[in-house]
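Read the structure below first, then the notes.
The values are calculated or read from the model by the stated rules, or taken from the named source; none is laboratory data. All values reported here derive from a predicted model rather than from experimental measurement. Here the Cβ positions follow ideal geometry from the backbone for every residue, glycine too, while neighbour counts run over all protein chains shown. Protein only, heavy atoms only, side chains kept; ligands, DNA and RNA dropped before computing areas. Shrake-Rupley method; radii C 1.70, N 1.55, O 1.52, S 1.80 Å.
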Amino acid sequence: IDFDLILENVKYLNLLAGEGSSQIKHTLQGARLKQPDPVPLTLYENGIVMCNGAFRPYQDPSTQQCLQDIMDGYFPSELQQRYPDGI
């Protein structure tokens with residue numbers, strides 16, 4: 001696992017997802033600026049935790065696919081159901 005590549009690509013993907021920008025959210029009183037909710041990802045020596053979920057070891061095929069997506073420069077495909085309109 002290339003951790004340097006993962007960190008570099010996460011920074012890039014954060015920019016694509018609108019890090020540092022705000023969106024307009026309409027309320028009953030008008031509108032407010034809202035920053036997009038982050039997708040937390042914690043890397044450990046022997047696995048990951050994403051979206052405050054369960055610990056996932058690197059040997060798990062779904063973890064390997066998630067990290068491969070990131071190393072390839074894509075958002076993890078497993079997030080498509082959670083964010084059907086994109087991040």
Check your understanding: Where the accessible area of the chain is counted over protein heavy atoms with a 1.4 Å probe, how much of it, in %, is carbon and sulfur?
Key -> 51 percent
Point to revise | Heavy-atom surface of the chain, accessible at 1.4 Å and reported per residue (Å²) | key: 75 Å²
**Study point:** Pairwise FRET efficiency - residue 58 versus residue 25, Cβ, R0 = 35 Å, nearest 0.05
**Key:** 0.40
Revision key, fill the gap. Residue-normalised 222 nm signal for the chain, counting each DSSP H run of n ≥ 4 as -39,500 (n - 2.57), nearest 500 deg cm²/dmol, is -9000 deg cm²/dmol
Review point. Between Rg and the Kirkwood Rh of the chain, both from Cα atoms, what is the Rg to Rh ratio?
Key: 1.04
Practice item. Report the charge-dipole magnitude of the chain in Debye, nearest 20, computed about the Cα centre from +1 at each Lys and Arg Cβ and -1 at each Asp and Glu Cβ. Key: 580 debye
**Study point:** With Cα atoms, 0 to 90° folded angle of helix 61-71 axis to the chain main axis
**Key:** 70 degrees
Check your understanding: Looking at 41, 57, 73, which one has the Cα that reaches farthest to the positive end of the dipole of the range 29-87 (charges on Cβ: Lys, Arg +1; Asp, Glu -1)?
Key -> 41
